[in-house]
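Here's the structure, in structure tokens; my notes come after.
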Amino acid sequence: MVLVLPILTRLYTPEDFSVLAVYVSILGIISIAACLRFEIAIPMPERDEEAASLLALALGSSAIISTLAGIAVYLFPEQIVGLVEQPKLRPYLWLLPLGIWLASSYSATQYWATRQKNFSGIAQTRLTQAISGAGFQVGLGWIGAAPFGLLFGSMINRGAGLFSLGFRALKHDRPALRAVSWPAMRRMFREYDRFPKYSTFDSLANTVGIQFPVIIIAAMAVGPEAGFLILAMRAMQAPMGFIGGAVAQVYLSRAPEELRAGNLSNFTVDVLEGLAKTGVGPLLFAGIVAPPVFALVFGEEWLRAGDLVVWMTPWFIFQFLSSPISMVMHVRNRQKAMLVVTVSGLVLRIGAVGFAVYQDQQHLSEYYAVSGALFYLGCYWVFSRVAGINPGEMIRIYGRAAVPLAIWVALGIISKFLFEYIRL
């Protein structure tokens with residue numbers, strides 16, 4: 001997905017990327033809550049038969065929410081387009097309910113695969129989705145189908161792996177799936193009702209805090225600012241999300257066992273130290289070299305996206321560290337606390353962008369970036385403390401990672417001067 005971005009920026013305009021930004025934001029807000037968060041409970045029961053009922057609840061919720069979204073799109077297309085002030089999205093609204101169903105259902109089957117420790121299968125679907133999504137975006141852009149190609153490829157990238165993971169579950173996990181029944185689903189609904197009660201609103205608040213400011217920026221900023229913003233986010237979050245998402249899956253699959261063994265804090269320290277040594281350095285490097293690299297790779301008209309990466313680097317670093325271990329809140333049954341954290345983030349981010357709308361419209365994205373960094377710094381602190389990590393251990397983690405971080409920063413400074421020279 002990262003490799004094709006230089007091609008996409010030459011096939012599509014910043015205005016096309018602005019339409020994509022609004023589509024992805026709406027899709028992300030609805031799809032994250034479509035399963036009522038039953039999907040993240042799937043790895044937790046001791047018996048596969050109980051987990052299968054949670055899978056059925058998640059898939060059923062996904063189907064219902066997607067159908068309701070389809071009805072809304074059919075009945076109120078003009079109102080939806082008017083709310084987001086993106087008239088170019090009107091012909092492609094039908095992609096929303098389909099995208100919601102694909103993304104949320106894939107999430108449910110992915111958590112089932114996580115329970116079965118089928119990490120190779122998950123990796124294969126993500127690779128297939130990335131290749132397919134990028135292929136459609138390039139191919140449709142080549143024939144001039146803009147911005148449809150961007151939207152359709154994004155939808156494929158989010159959920160096409162549903163079918164392969166689903167067929168594998170039907171083939172290898174049939175005994176557990178056969179145990180699904182209405183009484184079993186009702187029993188599991190009551191046992192795990194804290195997930196729809198608290199985790200749904202928690203995830204919704206978190207996603208709205210990320211995505212709704214993008215919609216505001218698309219509607220209020222002068223020019224295709226949202227297009228620059230989404231390119232910056234995609235270039236940085238694609239590799240970050242791939243690594244962080246993979247670590248989160250492994251963390252969730254092992255954390256319940258580590259908690260029962262009394263080793264959760266040590267396990268979390270090992271995860272954070274690995275992330276600090278392998279991921280933070282490349283993010284610092286990318287933040288240092290982003291402006292000249294974006295101008296060289298994507299074209300001079302995309303220089304603004306590179307500048308935004310600089311502002312967003314602290315956000316990406318704290319998100320990279322905190323997101324994989326966020327599952328500790330569910331493992332320790334701290335759903336209420338998680339809801340408080342994410343609602344606070346929602347207020348902080350929308351409040352920051354809202355303030356900028358009235359006071360400093362030239363820097364909407366900068367306010368958004370700084371608020372994101374503050375939010376994820378807070379998340380990192382809370383999740384670490386819930387996992388049982390003391391402040392001294394947090395400091396020692398980065399002391400042990402200091403050498404690789406210093407090397408990445410030095411390489412970034414040298415490379416920035418080199419890229420600036422090439423650009424001139």
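Computed from the coordinates by the stated procedures, all read-outs in this text should not be read as laboratory data. What you see is a predicted model; the values in this text were computed from it and never measured. Positions of Cβ are backbone-derived with ideal geometry, glycine not excepted, and every protein chain shown enters the neighbour counts.
Quick notes
- Among Ile288, Ile317, Ile71, the residue with the largest mean-square fluctuation in a Gaussian network model of the chain, with springs joining Cα atoms closer than 10 Å, is Ile71.
- FRET efficiency, Lys197 to Glu257 (Cβ-Cβ, R0 25 Å, nearest 0.05): 0.45
- Remark: relative contact order (region 219-424) = 34 percent; criterion is Cα-Cα distance under 8 angstrom and separation of 6 or more residues.
- Checked against a 32 Å cut-off, the cross-linked pairs Lys88/Lys416; Lys88/Lys117; Lys117/Lys336 give Cα-Cα distances beyond that limit for Lys88/Lys416; Lys88/Lys117.
- Between the residues Leu54, Ile29, Pro91, the greatest Cα displacement towards the positive end of the dipole of region 1-192, with unit charges on the Cβ of Lys, Arg, Asp and Glu, is found for Leu54.
- Neighbour net charge for Ser120 - beta-carbon separation under 12 angstrom, K R +1, D E -1: +3
- Taking label points 7 Å from Cα along the Cα-to-Cβ direction, Ala219 and Glu420 give a separation of 3.9 nm.
- Under 10 Å, Cβ to Cβ, from Pro14 - net charge with Lys/Arg +1 and Asp/Glu -1: -3
- Scalar couplings 3J(HN,Hα) for region 370-383, obtained by applying the Karplus form with A = 6.51, B = -1.76, C = 1.60 to θ = phi - 60°, are 5, 5, x, 5, 5, 5, 6, 4, x, 4, 4, 5, 5, 4 Hz; x denotes Gly and Pro.
- Estimated vicinal HN-Hα couplings, Hz - region 200-205 in sequence order (Karplus 6.51, -1.76, 1.60; Gly, Pro = x): 4, 6, 4, 5, 5, 4
- Under 5 Å between amide hydrogens, built in the peptide plane, is the criterion, and for Arg332 it picks out nothing among residues at least 5 positions away or on other chains.
- Local electrostatic count at Val214 - Lys and Arg +1, Asp and Glu -1, tallied over other residues with Cβ under 13 Å: 0
- Per-residue ellipticity at 222 nm from helix content only, as computed over the chain with -39500 (n - 2.57) for each DSSP H run of at least four residues, stands at -26500 deg cm²/dmol.
- Note, ³J(HN,Hα) from phi for region 333-349, Karplus 6.51, -1.76, 1.60, rounded to Hz, x at Gly and Pro: 6, 9, 5, 5, 5, 5, 4, 4, 4, 6, 5, 4, x, 4, 5, 4, 6
- Förster-model FRET efficiency, 45 Å R0, Asn390 and Leu3, C-beta, rounded to 0.05: 0.60
- Once the chain from Leu83 to Tyr398 is taken as fully extended at 0.36 nm per residue, the excess over their C-alpha distance is 108.9 nm.
- Under the criterion of Cα pairs below 8 Å and six or more residues apart, the relative contact order for the chain equals 21 percent.
- Arranged from fewest to most other beta-carbon atoms within 10 Å of their beta carbon, His172, His330 become His172, His330.
- With contacts taken as Cα pairs under 8 Å at a separation of at least 6 residues, region 50-103 carries a relative contact order of 45 percent.
- Furthest towards positive pole of dipole, Val328, Leu8, Phe383, structure part the chain, Cβ charges: Val328
- The chain shape via C-alpha gyration tensor axes, a/c threshold 1.5: oblate
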